[in-house]
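Read the structure below first, then the notes.
The values are calculated or read from the model by the stated rules, or taken from the named source; none is laboratory data. Quick caveat: nothing in here was measured; it's all calculated off a predicted structure. All Cβ positions, even for glycine, are placed from backbone atoms using ideal geometry, and neighbour counts span all protein chains on display. Accessible surface areas use protein heavy atoms only, side chains included; no ligands, DNA or RNA. Shrake-Rupley method; radii C 1.70, N 1.55, O 1.52, S 1.80 Å.
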Amino acid sequence: QEQLVESGGALVQAGGSLRLSCAASGRTFSSSAMGWFRQAPGKEREFVAGISRSGARTLYADSVKGRFTISRDNAKNTVYLQMNSLKPEDTGVYYCAADLGVAGITAVELRYDYWGQGTQVTVSS
């Protein structure tokens, strides 16, 4: 069973950068597409970025395209989210998730099988 642990969240000023990490334990990481989601206070959780099992394909929400980069290192069982040019609206709890299905990549929350506990990102204006 996969266990996911996010880290790297912090308080930063608008325009700054952060890199989030998600470390996975278990035997199926390399067989899993991975995704990042976020949830702002009082709002529903939303898709941010996804990456295929090999890392060859990525998918981004329009709100972060060009600013965020998702990547993975299967040898380290870790997925990353590099966040540049941060905006106050990027504030929220960021979660990583693993999709063990046959689909290479998805933005649909219900298709993900395992979730981390989240890490807080706060962007001050």
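Key figures
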{"quantity": "Search result, residues across region 40-63 that are closer than 14 Å to Asp99 by Cα and charged (D, E, K, R)", "calculated": "Arg53"}
{"quantity": "Members of region 75-105 found to be open to solvent by 50 Å² or more (accessible area, probe 1.4 Å), closer than 26 Å to Arg27 by Cα and in a loop (DSSP other than H, G, I, E, B), listed by number", "calculated": "Ala75, Lys76, Leu100, Val102"}
{"quantity": "Matching residues in region 115-125 - criterion: being closer than 18 Å to Ser31 by Cα and either in a loop (DSSP other than H, G, I, E, B) or in contact with a Leu (Cβ under 6 Å, 6 or more places away or on another chain) (or both)", "calculated": "Gly116"}
{"quantity": "Top-ranked residue of region 55-74 - restricted to ones that are hydrophobic (A, V, I, L, M, F, W, C) and open to solvent by less than 80 Å² (accessible area, probe 1.4 Å), ranked as nearest to the chain's Cα centre (by Cα)", "calculated": "Ile70"}
{"quantity": "Region 16-44 residues that are within 19 Å of Glu109 (Cα to Cα) and open to solvent by 50 Å² or more (accessible area, probe 1.4 Å), paired with ones that are of a type in the set (Phe, Trp, Tyr) and modelled with pLDDT of 95 or more (beta carbon under 8 Å, 6 or more apart)", "calculated": "Gln39/Tyr95"}
{"quantity": "Condition met for Val5 (part of a strand (DSSP E or B), open to solvent by 20 Å² or more (accessible area, probe 1.4 Å) and either within 12 Å of Ala97 (Cα to Cα) or among the charged types (D, E, K, R) (or both))", "calculated": "yes"}
{"quantity": "Flag if Ser52 is in contact with a Gly (Cβ under 6 Å, 6 or more places away or on another chain) and either open to solvent by 10 Å² or more (accessible area, probe 1.4 Å) or within 19 Å of Glu2 (Cβ to Cβ) (or both)", "calculated": "yes"}
